[in-house]
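First the structure, in the form of structure tokens, and then the observations on it.
The values are calculated or read from the model by the stated rules, or taken from the named source; none is laboratory data. For clarity, every value in this text was computed on a predicted model and none was experimentally measured. Here the Cβ positions follow ideal geometry from the backbone for every residue, glycine too, while neighbour counts run over all protein chains shown.
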Amino acid sequence: MATKPAKKASQEDWHPAKVKMELHVRGITLSALAEQHGLTSSSTLSAALTRSYPANEKRIADAIGVHPMEIWPSRYNADGSRKPQGFRALQFNAATLARNGNLRAVA
């Protein structure tokens, strides 16, 4: 009987519900976390669950006790630095392609 190979560790971001659950286990709500950091609303913290928002990603990760890269690996490079986002990502990729001699892809 053949056995299935073990699955590799997933590099997917945590589901927002898992992030909230991890906070809840520690007795923390997004509202309380927002108040602790002097924010008037928890909506900016909620936005970090689905969109890149480095400052609030760090606040949430610190409350859980992990590095933000563990929660949102798609937003970070392997060395822990942030990946370029939005227009800067397009500029970065075009510059890299041009530097590597692939001028056709840039045009």
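Determine if segment 68-80 includes at least one residue that is among the small types (Gly, Ala, Ser), modelled with pLDDT of 95 or more and on the phi > 0 side of the Ramachandran plot. No, because not a single residue in segment 68-80 is among the small types (Gly, Ala, Ser), modelled with pLDDT of 95 or more and on the phi > 0 side of the Ramachandran plot.
Under the condition of being without any contact (Cβ under 8 Å) to a residue 12 or more places away in the chain and of a type in the set (A, V, I, L, M, F, W, C), the residues counted in segment 18-39 number 5. Reported count of residues in segment 53-82, each being in contact with a strand residue (DSSP E or B) (Cβ under 8 Å, 6 or more places away or on another chain), of a type outside the set (Lys, Arg) and surrounded by 16 or more Cβ atoms within 10 Å (Cβ to Cβ), is 3. In segment 40-66, the residues that are free of Cβ contacts under 8 Å to residues at least 60 places away in the same chain reach residues that are among the polar types (S, T, N, Q) and surrounded by fewer than 16 Cβ atoms within 10 Å (Cβ to Cβ) with C-beta atoms within less than 8 angstrom, at least six apart or across chains, in these pairs: 42/29; 42/31; 52/85.
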